[in-house]
Amino acid sequence: MSARPRLLILSFSDIRSDARVLRQVRLLRDDYELTTCGYGEAPEGVAGHVRIPDELVYWHKDRSLLLQRRYAAVYRTNAVVAYLDERLPRDHFDIVLADDADTVPLALTLRPRRGVHADLHEYATRQNEESWRWRWFVAPYYRWLVRTFVTRAASVSTVGAGLAAEYRREFGIEADVVVNAAPFRDAEPGPVGNPVRLVHSGLARRNRQLEVMTEAVEGTAADVTLDLYLMPNDPAYLAELKERTAGSARVTVRDPVPHDRLAETLSTYDVGVFVLPPLTFNYRWTLPNKFFDFVQARLGILVGPSPEMAGLVREHGLGAVTDGFATQDLVRTLDRLDPAEVAAWKRASHDVAARFSAEEQVQGWARALERIPARRTD
């Protein structure tokens, strides 16, 4: 019996709490001798784990070198890269699955026998483009990084068709699409509540303008409530949201729940809502975890006209799409909310739950890794 191929999953995140990377681990740990590298403890079922010390900051870049556009030195002197450069073995792994563009140069230096697969969670060169400083000083670094290193990966994947098209247009990269699908949950849609129960889960970040949703629920004539389960990414902004909604009979800001309990928690609601103003390219083309969490919870889905989410909602009859991203756009949609229609949306989510499950969608990674030997040229 031949030994399993050696695979390294390399991520500058805490893998146990990074839903996308954790899906890679669960998909691949039985077919490969799997080593992981990231912050925090080892995920379950891996053969080995290289832990990044918590005090090392992966996103920090030497400002002086960045201003001088000495990009190779910027990368080489990063604390995490320097630490791992001395601890990850060369010529040992068959494949490295590199999560996000920052990990790809390091992955290539490890000289995996069959090659590197790059999984790009965002459009790397436009991550924080709402900041002029980022556009002027950091974006050119990421363009260099993608153009110089990601183009050398044996295969590439990303989270949505819009991002894949832009990687093709700007860099000539052909990226497969692996969406952020949640594990399949064997369940039936619940009855529609009275009032209709809206829910949102995700990050508390100021530039997500979550107040669009809270103000719309306060302003609609429809009989609805909204609960928000928010991660404290921006504590000051989260505190503001809690203060603004403290006296509300309709809106409640709740503590986040562990991801393995999220679908069960969401299933007690009727409609998942996410209206995200397109302040950045990545926001415009977002197709986030929460969309698929809503499906597995058998909820209707109410979104703004973000192309990826809106397209799936319309194609499968999963819910409603607002005309725009402003509070009044959402108010108008909520005003038309009909409980019988919400019940139909919930049934539609049930109909696509198996298709839009992690078990189906993540096979794209398995197929990409299997194809690497055929793509690799020496």
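The values are calculated or read from the model by the stated rules, or taken from the named source; none is laboratory data. Since we're looking at a predicted model, the values are computed, not measured. Reconstructed Cβ throughout: ideal geometry from the backbone, glycine too, with neighbour counts over all protein chains shown. For accessibility, only protein heavy atoms count, side chains too; no ligands or nucleic acids. Shrake-Rupley method; radii C 1.70, N 1.55, O 1.52, S 1.80 Å.
Among the candidates D234, D270, single out the residue that is modelled with pLDDT of 95 or more and of a type in the set (D, E). If you could, list the steps in order and put the result at the bottom.
On the way: D234 fails: modelled with pLDDT of 95 or more.
Within the list D234, D270, the selection yields D270.
Give me the residue from the stretch 211-248 that is under 18 Å from the mean Cα position of the chain (by Cα) and either assigned to a strand (DSSP E or B) or of a type in the set (A, V, I, L, M) (or both) and, out of that set, surrounded by the fewest Cβ atoms within 10 Å (Cβ to Cβ).
Step by step, filter the stretch 211-248, then rank; the result is M231.
Filter the stretch 94-111 down to the residues that are open to solvent by 10 Å² or more (accessible area, probe 1.4 Å) and closer than 16 Å to W365 by Cβ and list them by number. Please lay out each step first, then the result.
Taking the stretch 94-111 first, the residues open to solvent by 10 Å² or more (accessible area, probe 1.4 Å) are 94, 100, 102, 108-109, 111.
D94, D100, listed by residue number.
Taking the criterion of being under 19 Å from A165 (Cα atoms) and either within 17 Å of the chain's Cα centre (by Cα) or at pLDDT 95 or above (or both), would at least one residue in the stretch 298-305 satisfy it?
Keep residues of the stretch 298-305 that are under 19 Å from A165 (Cα atoms), which gives 305.
Adding the requirement that they be either within 17 Å of the chain's Cα centre (by Cα) or at pLDDT 95 or above (or both) leaves 305.
The answer is yes, given that some residue of the stretch 298-305 is under 19 Å from A165 (Cα atoms) and either within 17 Å of the chain's Cα centre (by Cα) or at pLDDT 95 or above (or both).
One line per residue, one yes/no per condition, for (1) at pLDDT below 95; (2) farther than 26 Å from Q296 by Cβ; (3) open to solvent by 10 Å² or more (accessible area, probe 1.4 Å):
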{"residue": "L120", "(1), (2), (3)": "no, no, no"}
{"residue": "L145", "(1), (2), (3)": "no, yes, no"}
{"residue": "A154", "(1), (2), (3)": "no, yes, yes"}
{"residue": "A164", "(1), (2), (3)": "no, no, no"}
{"residue": "P189", "(1), (2), (3)": "no, no, yes"}
{"residue": "R197", "(1), (2), (3)": "no, no, yes"}
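Scan the stretch 253-284 for residues that are open to solvent by 40 Å² or more (accessible area, probe 1.4 Å), farther than 22 Å from Q328 by Cα and part of a loop (DSSP other than H, G, I, E, B) and report the count.
Applying the first criterion (open to solvent by 40 Å² or more (accessible area, probe 1.4 Å)) to the stretch 253-284 yields 254-256, 258-261, 264, 268, 278-279, 284.
Right, trim to farther than 22 Å from Q328 by Cα and you get 254-256, 258-261, 264, 268.
Narrowing further to those that are part of a loop (DSSP other than H, G, I, E, B): 255-256, 258, 268.
Qualifying residue count, the stretch 253-284: 4.
Looking at the stretch 297-306, is at least one residue open to solvent by 30 Å² or more (accessible area, probe 1.4 Å), out of contact with any Phe, Trp or Tyr (no Cβ under 8 Å at 6 or more places or on another chain) and in contact (Cβ under 8 Å) with a residue 12 or more places away in the chain? Working first, answer last.
Residues of the stretch 297-306 open to solvent by 30 Å² or more (accessible area, probe 1.4 Å): 305.
After this cut, where a residue has to be out of contact with any Phe, Trp or Tyr (no Cβ under 8 Å at 6 or more places or on another chain) as well, the list is none.
No; the residues of the stretch 297-306 include none that is open to solvent by 30 Å² or more (accessible area, probe 1.4 Å), out of contact with any Phe, Trp or Tyr (no Cβ under 8 Å at 6 or more places or on another chain) and in contact (Cβ under 8 Å) with a residue 12 or more places away in the chain.
Can you tell me which residue among R168, R152 is free of Cβ contacts under 8 Å to residues at least 24 places away in the same chain, over 28 Å from D260 (Cα atoms) and of a type outside the set (A, V, I, L, M, F, W, C)? If you could, list the steps in order and put the result at the bottom.
Details: R152 fails: free of Cβ contacts under 8 Å to residues at least 24 places away in the same chain.
On inspection, the qualifying residue turns out to be R168.
Going through R152, R185 one at a time, which residue ends up being among the charged types (D, E, K, R) and either within 22 Å of the chain's Cα centre (by Cα) or within 25 Å of F325 (Cα to Cα) (or both)? Steps first, please.
Working: R152 fails: either within 22 Å of the chain's Cα centre (by Cα) or within 25 Å of F325 (Cα to Cα) (or both).
Every option except R185 fails the conditions.
Could you check the stretch 1-36 and list, in sequence order, the residues that are assigned to a loop (DSSP other than H, G, I, E, B) and either open to solvent by less than 30 Å² (accessible area, probe 1.4 Å) or not small (G, A, S) (or both)?
Listed by number, the residues that qualify are M1, R4, P5, D18, R29, D30, D31, Y32.
Taking N207 as the residue in question, decide whether it is out of contact with any Gly (no Cβ under 6 Å at 6 or more places or on another chain), farther than 19 Å from V342 by Cβ, at pLDDT below 95 and not in a loop (DSSP other than H, G, I, E, B). Give the steps one after another, and end with the answer.
Values: out of contact with any Gly (no Cβ under 6 Å at 6 or more places or on another chain): yes; farther than 19 Å from V342 by Cβ: yes; at pLDDT below 95: yes; not in a loop (DSSP other than H, G, I, E, B): yes.
The answer is yes for N207.
If I filter the stretch 26-41 for residues that are over 20 Å from L106 (Cα atoms), in contact with a Lys or Arg (Cβ under 9 Å, 6 or more places away or on another chain), free of Cβ contacts under 8 Å to residues at least 60 places away in the same chain and among the small types (G, A, S), do I get at least one hit?
No, because not a single residue in the stretch 26-41 is over 20 Å from L106 (Cα atoms), in contact with a Lys or Arg (Cβ under 9 Å, 6 or more places away or on another chain), free of Cβ contacts under 8 Å to residues at least 60 places away in the same chain and among the small types (G, A, S).
Check off (1) without any contact (Cβ under 8 Å) to a residue 40 or more places away in the chain; (2) of a type outside the set (S, T, N, Q); (3) in contact with a helix residue (DSSP H, G or I) (Cβ under 8 Å, 6 or more places away or on another chain) for D338 and give me the number that stays unchecked.
So the condition that D338 fails would be (3).
Considering only the stretch 61-79, how many residues are under 23 Å from D18 (Cα atoms) and surrounded by fewer than 21 Cβ atoms within 10 Å (Cβ to Cβ)?
Adding up the residues that qualify gives 2.
Go through the residues of the stretch 104-126 one by one and say whether even a single one is among the acidic types (D, E), more than 29 Å from Y283 (Cβ to Cβ) and touching a residue at least 24 places away in the same chain (Cβ under 8 Å). Give the derivation first.
Applying the first criterion (among the acidic types (D, E)) to the stretch 104-126 yields 119, 122.
When the remaining residues are screened for being more than 29 Å from Y283 (Cβ to Cβ), the result is none.
No: the stretch 104-126 contains no residue that is among the acidic types (D, E), more than 29 Å from Y283 (Cβ to Cβ) and touching a residue at least 24 places away in the same chain (Cβ under 8 Å).
Filter the stretch 122-143 down to the residues that are under 30 Å from E33 (Cβ atoms) and either of a type outside the set (G, A, S) or open to solvent by 50 Å² or more (accessible area, probe 1.4 Å) (or both) and list them by number.
Taking the stretch 122-143 and keeping what is under 30 Å from E33 (Cβ atoms), we get 122, 124.
The one that is under 30 Å from E33 (Cβ atoms) and either of a type outside the set (G, A, S) or open to solvent by 50 Å² or more (accessible area, probe 1.4 Å) (or both): E122.
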